[in-house]
1. Out of V77, V136, which single residue is in contact with a Ser or Thr (Cβ under 9 Å, 6 or more places away or on another chain) and within 30 Å of A240 (Cβ to Cβ)?
2. Of E229, E220, E250, which residue is closer than 30 Å to M24 by Cα, touching a strand residue (DSSP E or B) at 6+ places or on another chain (Cβ under 9 Å), modelled with pLDDT of 85 or more and assigned to a helix (DSSP H, G or I)?
3. Has the stretch 42-65 got at least one residue that is touching a helix residue (DSSP H, G or I) at 6+ places or on another chain (Cβ under 8 Å) and free of Cβ contacts under 8 Å to residues at least 40 places away in the same chain?
4. Of all residues being open to solvent by less than 80 Å² (accessible area, probe 1.4 Å) and of a type in the set (K, R) in the stretch 12-46, which is farthest from A216 (Cα to Cα)? Just the residue, please.
5. I'd like to verify a number: residues in the stretch 116-160 that are open to solvent by 20 Å² or more (accessible area, probe 1.4 Å), closer than 25 Å to E31 by Cα and assigned to a helix (DSSP H, G or I), how many?
6. Answer yes or no: is there a residue in the stretch 106-115 that is surrounded by fewer than 15 Cβ atoms within 10 Å (Cβ to Cβ), under 16 Å from the mean Cα position of the chain (by Cα), outside any helix (DSSP H, G or I) and modelled with pLDDT of 95 or more.
7. Among the candidates H243, H212, which residue alone is farther than 24 Å from V175 by Cβ, surrounded by fewer than 21 Cβ atoms within 10 Å (Cβ to Cβ) and of a type outside the set (A, V, I, L, M)?
8. When you look at D86, is it in contact with a helix residue (DSSP H, G or I) (Cβ under 9 Å, 6 or more places away or on another chain), open to solvent by 50 Å² or more (accessible area, probe 1.4 Å) and modelled with pLDDT under 95, yes or no?
Amino acid sequence: MSRRRELEQHRESLGEIREIMGSMKTLAYMETRKLGRFLETQRNVVQSIAEVAADFLAFFGDTLPVRAPVARLFLLVGTERGFCGDFNHAILQRLESELDGDPAGQPLLLPVGHKLHILLEGEPRVAARIPGASVVEEVTALLSQVTTEIGAIQARQDELAVYCIHHTDKSDTVVRQLLPPFLDGPAPPAELSFPPLLQEEPLPFLSQLADHYLLAVLYEIIYTSLIAENDARLAHLGSALRHLDEQTEELARQGNILRQEEIIEEIEVLLLSSGSDSGQR
């Protein structure tokens, strides 16, 4: 096979790869737009629950736990798929920063996403591994597994604090406390004069409100993380596509050079053949 033919085949292969990566980029963009609509609604839900909790705790603050938790669990929200740069490494770097010099002992880890699982292979602190979500339709099933695992760990621990490390839609990482809830919620309005009317005792009410809040904030976190993941994938794929285009152009240039050389060789052969025929006459 000639060198030019090899270059042509390589260029065709790069073209096929470009089509696949272009489709992946389009899907990531579409998913980001869809998630944005879900996230706006979910943030309003979380804000409403937090405001209800603030009103309640203004009069029933003694229902919050008094004892400090003795065990910690970190929910780490990574990715199920790749092509998103250092997304998962950033989660682990934030975890290391959070635990640096911490005298409170080794926490349990609950990583979400296959790509993050790979980075935590052999890590003894991992309590369970949960597959991640790739699209918004998979989020509900994911959160069912997350809440089930957190409940199972709570059953084994007397006092448990749950934190989440995830990406924001600004592409940075944050640490967010999930349990005990409402410790850093909004302040109650100053004009409150009468306690809220409850249909049940304060402690059961707070417990149910905490369950609603945990699920709502987990939806918000996963939606936010998926948007950040797809934004990272768009940037990563965009860079890869530019590199592919540069490679394709270079292969085309080399192919043209080789083709010109072949044409020159063909002309020289024709001229030599013509000269030989003239000499024989």
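The values are calculated or read from the model by the stated rules, or taken from the named source; none is laboratory data. Please read these numbers as outputs of a predicted model, since none were measured by experiment. So basically every Cβ, Gly included, is an ideal-geometry build from the backbone, and we count neighbours across all protein chains shown. With ligands, DNA and RNA removed, areas are computed over all heavy atoms of the protein, side chains included. Shrake-Rupley method; radii C 1.70, N 1.55, O 1.52, S 1.80 Å.
1. Exactly one residue qualifies, and that residue is V77.
2. Answer to the check: E229.
3. no
4. Here the answer is K25.
5. Total meeting the criteria: 9.
6. Checking the stretch 106-115: not a single residue is surrounded by fewer than 15 Cβ atoms within 10 Å (Cβ to Cβ), under 16 Å from the mean Cα position of the chain (by Cα), outside any helix (DSSP H, G or I) and modelled with pLDDT of 95 or more.
7. H243 is the lone residue from the list that is farther than 24 Å from V175 by Cβ, surrounded by fewer than 21 Cβ atoms within 10 Å (Cβ to Cβ) and of a type outside the set (A, V, I, L, M).
8. Answer is yes for this residue.
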